[in-house]
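The structure under discussion appears below in the form of structure tokens.
The values are calculated or read from the model by the stated rules, or taken from the named source; none is laboratory data. Here the structure is a predicted model, which is why all the values come from computation and not from measurement. Glycine also receives a Cβ, built like all others from the backbone with ideal geometry; neighbour counts cover every protein chain displayed.
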């Protein structure tokens, strides 16, 4: 992935994250205290959730050092470093113990999602924990906000190598991971796998 394009995409989406955070908040366990956001598109949802969940402590897992550096700078500007830990981790295996988090967010997941990543997400969720994994603008984002960034976002996603997956492909992936009984596929505002352990 080209770092400049990746960071531009993250900045472009800043107006979307508060709306996406509302959708994430709907599926979070009521008292989620430890929340993980994964991948190079992390940050925005964490920052938005931090404003509405003052009791929560956040971790961002990302293996690219320069992306972590950008996330640290942006988090410092928002005064969140006392509630945020940045961890260098690949997606498989994730560098976390079993049942570590009550909630997990992975936006932009379809660049990377496969059976092993789904199994890793399940492994690190606590009992009763939930994950919100996938991609899209979210069901609450106003059309005007989407319209203002849609074309540039599409171009950047294409340049970064995004894979577009159909619902049936995602269902097959979930089934192959042995997680059909704990996952539902949501198509409101994108394509999301909502997992509950």
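Selection of first residues in the range 172-197 that are surrounded by fewer than 17 Cβ atoms within 10 Å (Cβ to Cβ) and of second residues that are in a loop (DSSP other than H, G, I, E, B) and modelled with pLDDT of 95 or more, restricted to Cβ pairs under 6 Å at least 6 apart or on distinct chains, gives the following pairs, ordered by first then second residue: 188/139. Evaluated against (1) assigned to a strand (DSSP E or B); (2) surrounded by fewer than 15 Cβ atoms within 10 Å (Cβ to Cβ); (3) on the phi < 0 side of the Ramachandran plot, residue 128 falls short on exactly one condition, (3). Residues being surrounded by fewer than 20 Cβ atoms within 10 Å (Cβ to Cβ) and in a helix (DSSP H, G or I): count how many of those fall in the range 22-67. Looking only at that region, the number is 8. None of 113, 156 is surrounded by 18 or more Cβ atoms within 10 Å (Cβ to Cβ), touching a helix residue (DSSP H, G or I) at 6+ places or on another chain (Cβ under 8 Å) and in a helix (DSSP H, G or I) except 156. No other residue among 190, 108, 129, 134 is closer than 29 Å to residue 14 by Cβ and at pLDDT below 95 apart from 108. No other residue among 146, 105, 185, 194 is closer than 22 Å to residue 21 by Cβ and part of a helix (DSSP H, G or I) apart from 146.
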